[in-house]
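The values are calculated or read from the model by the stated rules, or taken from the named source; none is laboratory data. Here the structure is a predicted model, which means the values were calculated and not measured. Cβ sites come from the backbone with ideal geometry, for glycine too, and all protein chains shown count toward neighbours. We work out accessible area using only protein heavy atoms, side chains counted, and drop any ligands, DNA or RNA first. Shrake-Rupley method; radii C 1.70, N 1.55, O 1.52, S 1.80 Å.
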Amino acid sequence: GAILPRPIVVCLDLARMKQMDSSRSSSLMKFLEDTGVSPSEEETRRRERIILELHKIVMDWAKMVAFNQGGKPWITSGTVLTFGSYDLGAYGPESDIDAVCVGPCIASLQHHFFVVLRQMLEARPEVSDLHSIESARVPLMRFKFNGVSVDFPYAQLPVINAAELQAIHANDPRLLEKVDEASWRCLSGVRVNRQIMQLVPNMKKFQLLLRCLKLWARKRGIHCHLVGFFAGIHLAVLGAYVCRRHPNATANTLLCRFFEIFSHWPWPLPVSLHEQTPLWSPDGCSLMPIVMPCYPPEFCASNVTKSTFNKIKEELWRGLSLTKDTSSVDIDWSWIFAPFPYGAKYKHFLRIVLSAPTTEELRDWVGWVKSRFRSLILKLESLNIGCDPNPSEQVDHTIGEPNAVFLWGLIMYSNTQICTTSLKEDFMRSVTNNIYGKEKCAHSDIELSVVGMPQVPKSMSDHPAYLQKLPNLPPRMLGYPPMRQGCNAVG
Ligand SMILES: Nc1ncnc2c1ncn2[C@@H]1O[C@H](COP(=O)(O)OP(=O)(O)OP(=O)(O)O)[C@@H](O)[C@H]1O
Ligand SMILES: [Mg+2]
């Protein structure tokens, strides 16, 4: 046939690509809807009511603190500021509500927050599972309010009328200079969120992308800050970066660009939404530095190690290979968001069993040990063993005591033997170092063993048929050498 002049071919191609892009975006939105990652109207209302109730409780509490100190209750106030994925409008059904309790200078953290306010919350029928985590970097109360998990840290402002002042000056550096370190940290969560919202060109598209990223990271086993994967804030910054680079892109293009940009990212170049990068980098931030948009700039805290860095890179390459073919109209989104097939990927697993006499003790114990997991991953790496710390927890019903079981995929680079006795001794040193509430965990236990496939729960060993269709990635993209056959693992 006749050869069309070039400009017309380009126009037709562009029109076809645009149509494909929009049809892929529609199918992506339909997929997200079917997966149920977006909260229903009712769920949204429920969360709004919770924030409102918490606000009322904090107001009453501030007035009571003033009254008990002989002050005038009407000039004192407190408030609640939300942050995290709730505030960004990208929360899912399993997300918590992150809310800072902002209190006046007369309300102390130790007594008024952890004792007086705790009692007020405990007296409410909507509140359950309340516990205080006083030793955390950001001390907080964690509870369920009408069944929704709430993380509730405390920021004490150097003023009496905290509610009024925060509305005007939450970003005022002079005010922030006067608050203590823990208060400053939780207010920076609020400030970072506000900055992100100001920096993204289209909030709706950003929320959609962030929902995709959170779902993808959860399904692929790379959404867990404590074991060295992404925290929500990392994904929010990476998502915002893509949105800023492509302000007019559709949902499909944004997701494709995310994989394209970050599978090729020259780490350790920091990802930053503005020009500035922090002057110093805390431990754990050197492999995959991501900068929070606040002043002064700070890195998001990170626990990434060589192993988890490799897995993240592998997953980014996988995402790229599944989305880069722009010539096909349809894309099966369930491939991209497929659960990670641990059972098919690894031959050996490190089985970590945490147990305690009661469920309350187990909750504290699991929280504490998880905050030490990074040292176990580093220890394995020092033995030349890579690991994929599956963040999900199982329960072994054959054990009498309340327990939580973790199964981490092991990658043996050489004929290494794992002696779990010395591994445990080593890990226990890190667990018992600086332990908070030692007596609380006196009857709790850890057991480590190396197990093979048969002892892995069915949910982890299933190998969905669609995984067979995955394109083969070159080993370079997998980030580590292929596993040696016949390695010895001694439990
Ligand atoms: N590693 C971190 N570095 C810096 N700030 C963090 C980090 N982890 C959490 N935060 C702060 O705490 C907030 C809430 O964290 P959280 O882990 O609940 O994430 P999220 O984005 O709310 O995701 P989810 O939907 O899973 O709850 C973040 O928005 C951030 O301000
Ligand atoms: Mg949250």
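Remarks
- Annotation: of all residues in the stretch 281-298 being under 19 Å from GLN198 (Cα atoms) and out of contact with any Lys or Arg (no Cβ under 7 Å at 6 or more places or on another chain), the one that is most open to solvent (accessible area, probe 1.4 Å) is TYR295.
- Scanning the stretch 338-366 for residues that are under 19 Å from ILE399 (Cβ atoms) and part of a helix (DSSP H, G or I) returns THR359, GLU360, GLU361, LEU362, ARG363, ASP364, TRP365, VAL366.
- Filter result (small (Gly, Ala, Ser) and either within 16 Å of ligand 2 (Cβ to nearest atom) or modelled with pLDDT of 90 or more (or both)) within the stretch 68-98: SER77, GLY78, GLY84, SER85, GLY89, ALA90, GLY92, SER95
Residues checked against (1) in contact with a helix residue (DSSP H, G or I) (Cβ under 6 Å, 6 or more places away or on another chain); (2) among the hydroxyl-bearing types (Ser, Thr, Tyr); (3) within 13 Å of PHE262 (Cβ to Cβ); (4) not in a loop (DSSP other than H, G, I, E, B):
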{"position": "GLU275", "(1), (2), (3), (4)": "no, no, no, no"}
{"position": "TRP280", "(1), (2), (3), (4)": "no, no, no, no"}
{"position": "ASP283", "(1), (2), (3), (4)": "no, no, no, no"}
{"position": "SER286", "(1), (2), (3), (4)": "no, yes, no, no"}
{"position": "CYS294", "(1), (2), (3), (4)": "yes, no, no, no"}
{"position": "VAL304", "(1), (2), (3), (4)": "no, no, no, no"}
{"position": "ASN310", "(1), (2), (3), (4)": "no, no, no, yes"}
{"position": "LYS313", "(1), (2), (3), (4)": "no, no, yes, yes"}
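- Any hit, the stretch 215-231, residues being without any contact (Cβ under 8 Å) to a residue 12 or more places away in the chain, over 26 Å from VAL80 (Cα atoms) and not β-branched (Val, Ile, Thr): yes
- Here GLY319, GLY239 are screened, and the one residue that is touching a helix residue (DSSP H, G or I) at 6+ places or on another chain (Cβ under 7 Å), outside any loop (DSSP other than H, G, I, E, B) and within 14 Å of ligand 1 (Cβ to nearest atom) is GLY239.
- Selected residue (criterion: most open to solvent (accessible area, probe 1.4 Å)) from residues of the stretch 299-312 that are of a type outside the set (S, T, N, Q) and within 17 Å of the chain's Cα centre (by Cα): ALA301
- If you go through the stretch 262-280 and keep only what is open to solvent by 40 Å² or more (accessible area, probe 1.4 Å) and either of a type in the set (Lys, Arg) or closer than 19 Å to VAL200 by Cβ (or both), you end up with HIS274, GLU275, GLN276.
- Tally of residues being assigned to a loop (DSSP other than H, G, I, E, B) and surrounded by fewer than 16 Cβ atoms within 10 Å (Cβ to Cβ) across the stretch 24-57: 2
- In the stretch 44-64 there is at least one residue that is hydroxyl-bearing (Ser, Thr, Tyr), within 25 Å of the chain's Cα centre (by Cα) and either under 17 Å from SER149 (Cα atoms) or not assigned by TED's automatic domain parsing to the domain that holds HIS223 (or both).
- When residues in the stretch 196-211 are screened for being away from ligand 2 (no atom under 16 Å from the Cβ) and surrounded by 19 or more Cβ atoms within 10 Å (Cβ to Cβ), 5 of them pass.
To keep it simple, each residue is scored yes or no on (1) within 16 Å of ligand 2 (Cβ to nearest atom); (2) among the aromatic types (Phe, Trp, Tyr); (3) modelled with pLDDT of 95 or more; (4) in contact with a Pro (Cβ under 6 Å, 6 or more places away or on another chain).
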residue: THR250; (1), (2), (3), (4): no, no, yes, no
residue: LEU254; (1), (2), (3), (4): no, no, yes, no
residue: GLU275; (1), (2), (3), (4): no, no, no, no
residue: PRO293; (1), (2), (3), (4): no, no, no, no
residue: ALA301; (1), (2), (3), (4): yes, no, no, no
residue: VAL304; (1), (2), (3), (4): no, no, yes, no
residue: ILE312; (1), (2), (3), (4): no, no, yes, no
residue: SER321; (1), (2), (3), (4): no, no, no, yes
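- Remark: pairs (first residue in the stretch 278-298, farther than 18 Å from TRP184 by Cα; second residue within 16 Å of ligand 2 (Cβ to nearest atom) and of a type in the set (Gly, Ala, Ser); Cβ separation under 8 Å; 6+ apart in sequence or on different chains) = GLY284/ALA301; CYS285/ALA301.
- Of all residues in the stretch 127-152, those satisfying the criterion of being part of a loop (DSSP other than H, G, I, E, B), within 16 Å of ligand 1 (Cβ to nearest atom) and either in contact with a His (Cβ under 7 Å, 6 or more places away or on another chain) or more than 15 Å from GLU48 (Cα to Cα) (or both) are ALA136, ARG137, VAL138, PRO139.
- Pairs linking a residue in the stretch 70-95 that is closer than 12 Å to ILE106 by Cα to a residue that is surrounded by fewer than 17 Cβ atoms within 10 Å (Cβ to Cβ) and aromatic (Phe, Trp, Tyr), with Cβ atoms under 9 Å and 6 or more positions apart or on different chains, are PRO73/PHE67; THR76/PHE67.
- Scanning the stretch 58-80 for residues that are part of a strand (DSSP E or B) and either crowded, with 24+ Cβ neighbours inside 10 Å or more than 15 Å from ligand 1 (Cβ to nearest atom) (or both) gives SER77, THR79.
One line per residue, one yes/no per condition, for (1) surrounded by 21 or more Cβ atoms within 10 Å (Cβ to Cβ); (2) assigned to a helix (DSSP H, G or I); (3) free of Cβ contacts under 8 Å to residues at least 60 places away in the same chain:
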residue: GLU177; (1), (2), (3): no, yes, yes
residue: ALA182; (1), (2), (3): no, yes, no
residue: LEU213; (1), (2), (3): yes, yes, yes
residue: ASN252; (1), (2), (3): yes, yes, no
